[in-house]
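Written below as structure tokens is the structure these notes are about.
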Amino acid sequence: MASQPVDGQSCSSVEQGILIVGLACLDIVNVASRFPEEDQDMRVDSQRWCRGGNAGNSSVILAQLGVSVEYFGTLARVPVTDIVTQDLARYGVLHNKCVYHTNCFTPTSIVIVNEASGSRTILHGNRSLPELTSEDFDKLDLSCYKWIHFEGRNITEVIKMVEKIRTYNKSCRRDEVITVSVEVEKPRNEYQKLFALGDVVFVSKDYARYHGYKTAVEALHGFSGLIKERAQLICAWGEEGAWGMDEDHHIHHSSAFPPDKLLETLAAGDTFNAAVIFCLWKGKSLQDTLSFSCRLAGFKCGIQGLDISG
Ligand code: ADP
Ligand code: FRU
């Protein structure tokens, strides 16, 4: 299938890359020496306003791993969105096809990072930004991508988007087929529909626990009936590392790689997901993928923010 020019640039002139679909928001990250007590005031050690959101976070990690990566989502047409777009630009993440909305605000998370434990507590606010629709998705030239990852949200629309990719995949050459990955993160029943969509499916510890699973292995077996034939299922489990089920339903595990000093687990999961996508995209085995991804996520836990270059 021929590449159509998108925004004046033909895809044949750029490496076919990875598209990450989901949220990029504002994080107001408060780093405190301990978790605050209710109804007291407390000074924090540092506060930063930065871009967050699972899809945004995974995009900047992939960019730093040297991949051609594009972020696609909705953005509010307000000045504070500059924090989001400038950060994406700083890491070389394309975002020029994002859909802008007026009369709404940038989704904002107040994050409390407890320096003593590295834990992150997230309060979500400003829910006025409309979600991405499958009509928005139509503006993309699918021949520009070899891998499309969906942060699982707005399920009905994501199902339609994946349907469009399936139709595209049927019509294109074998070497142009797009791999789809999906994240099942939020503990909500309707998210179950996401399992059938991906060639690679990430299921979170929270979602697994919500369904009564006590370990990642139990969860992988329990959810294995919901995935496509020969799909891979991945389940990260914090300090215990991560498990994955390959196409033949064999289970693999990597332990975690704790940093010398645990500083901040915010976006450890997004870093892990980006690393998994990177490795599988490069054709690595699932075992090597899990090990590299736990190593990178562990490294992230030892730094503030997502600049993994240093
Ligand atoms: P999320 O951030 O989505 O809750 P997890 O807590 O499961 O995701 O973490 C994802 C990955 O990050 C884990 O598989 C592990 O490799 C790494 N990780 C998370 N917490 C720690 C930790 N305390 N020490 C070392 N690695 C960690
Ligand atoms: C971390 C994160 C934060 C954001 C929140 C959105 O995984 O993406 O950056 O505030 O989760 O759910």
Condition broken by Asp248, with the remaining ones in (1) surrounded by fewer than 22 Cβ atoms within 10 Å (Cβ to Cβ); (2) within 11 Å of ligand 1 (Cβ to nearest atom) satisfied: (2)
Considering only the stretch 247-280, how many residues are touching a Lys or Arg at 6+ places or on another chain (Cβ under 7 Å) and more than 16 Å from ligand 2 (Cβ to nearest atom)? 2
Residue, surrounded by the most Cβ atoms within 10 Å (Cβ to Cβ), within the stretch 56-70, restricted to residues that are assigned to a loop (DSSP other than H, G, I, E, B) and among the small types (Gly, Ala, Ser): Ser68
Could you list, in sequence order, the residues of the stretch 230-245 that are surrounded by fewer than 16 Cβ atoms within 10 Å (Cβ to Cβ) and either near ligand 1 (Cβ under 7 Å from one of its atoms) or over 28 Å from His124 (Cβ atoms) (or both)? Arg230, Gly238, Glu239
Please pick out the residue among Gly238, Gly244, Gly283 that is within 15 Å of ligand 2 (Cβ to nearest atom) and either under 15 Å from the mean Cα position of the chain (by Cα) or closer than 26 Å to Phe223 by Cα (or both). Gly238
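Residues checked against (1) in contact with a Gly (Cβ under 9 Å, 6 or more places away or on another chain); (2) part of a loop (DSSP other than H, G, I, E, B); (3) among the hydrophobic types (A, V, I, L, M, F, W, C); (4) at positive phi:
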position	(1), (2), (3), (4)
Val113	no, no, yes, no
Thr121	no, no, no, no
Ser128	no, yes, no, no
Leu132	yes, yes, yes, no
Ser143	no, no, no, no
Trp147	yes, no, yes, no
Arg153	yes, yes, no, no
Val158	yes, no, yes, no
Leu220 passes all but one of (1) closer than 19 Å to His252 by Cβ; (2) part of a loop (DSSP other than H, G, I, E, B); which number fails? (2)
Which residue pairs have Cβ atoms under 6 Å apart, sit 6 or more places apart or on different chains, and have a first residue in the stretch 259-278 that is in contact (Cβ under 8 Å) with a residue 24 or more places away in the chain and farther than 26 Å from Asp199 by Cα and a second that is in a helix (DSSP H, G or I) and near ligand 1 (Cβ under 8 Å from one of its atoms)? Pro259/Gly298; Pro259/Cys301; Leu262/Cys301; Thr265/Cys301
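We did not get these values from a lab; they are worked out from the coordinates using the rules stated. Keep in mind the model is a prediction, meaning the values are calculated, not measured. Neighbour counts are summed over all protein chains in view; Cβ atoms, including those assigned to glycine, are modelled from backbone coordinates with ideal geometry.
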